[in-house]
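The values are calculated or read from the model by the stated rules, or taken from the named source; none is laboratory data. Here the structure is a predicted model, which is why all the values come from computation and not from measurement. When we count neighbours, we look across all protein chains shown, and the Cβ atoms used for this are built from the backbone with ideal geometry, even at glycine.
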């Protein structure tokens, strides 16, 4: 059960990290606690699987990755775990996940591919298809980004 303080901490660490020498000290001050307490709570969340990871969210457009495509794969259920791990290992893939198949949509494994060119996305998808031995996939290219932010509590 999360306390009110836990919720404050999670909200503050979900925001953009300030470009400061001691960013966690500044974040802790925002919610009225010390840096040491903030870091102890974050370590507790990690140790107890409340927090899976704390990572940088790269703005792919600002660093030159102009093309991205959601690759949807029709993967036999018994190979999903193995194939997902293979897809996630590709440097062009930012995230990879499984979903239930839809009534008229027979794809169950997804990988978001980011590259500098459309050809790069196509080549990455072909390499993934070869390594996972899955030829049944669709690439859904993004045309416009409406929102990109961390989820809020």
Hits in segment 136-153 (condition: modelled with pLDDT of 95 or more and assigned to a loop (DSSP other than H, G, I, E, B)): 136
Could you please find all residues in segment 61-100 being in a loop (DSSP other than H, G, I, E, B) and farther than 16 Å from residue 135 by Cα? 61, 62, 63, 64, 65, 66, 89, 90, 91, 92, 99, 100
Condition broken by residue 117, with the remaining ones in (1) in contact with a strand residue (DSSP E or B) (Cβ under 7 Å, 6 or more places away or on another chain); (2) surrounded by 12 or more Cβ atoms within 10 Å (Cβ to Cβ) satisfied: (2)
The number of residues in segment 86-110 that are under 16 Å from residue 76 (Cβ atoms) and touching a helix residue (DSSP H, G or I) at 6+ places or on another chain (Cβ under 8 Å) is 5
Number of the exception - residue 107 against (1) assigned to a strand (DSSP E or B); (2) farther than 30 Å from residue 15 by Cβ: (1)
Find the helices (runs of 4 or more DSSP H) located wholly in segment 2-60 whose residues include 2 or more that are loosely packed, with under 13 Cβ neighbours inside 10 Å, and list them. 4-13, 35-47
Filter pass, residue 134 being touching a residue at least 60 places away in the same chain (Cβ under 8 Å) and touching a helix residue (DSSP H, G or I) at 6+ places or on another chain (Cβ under 9 Å): yes
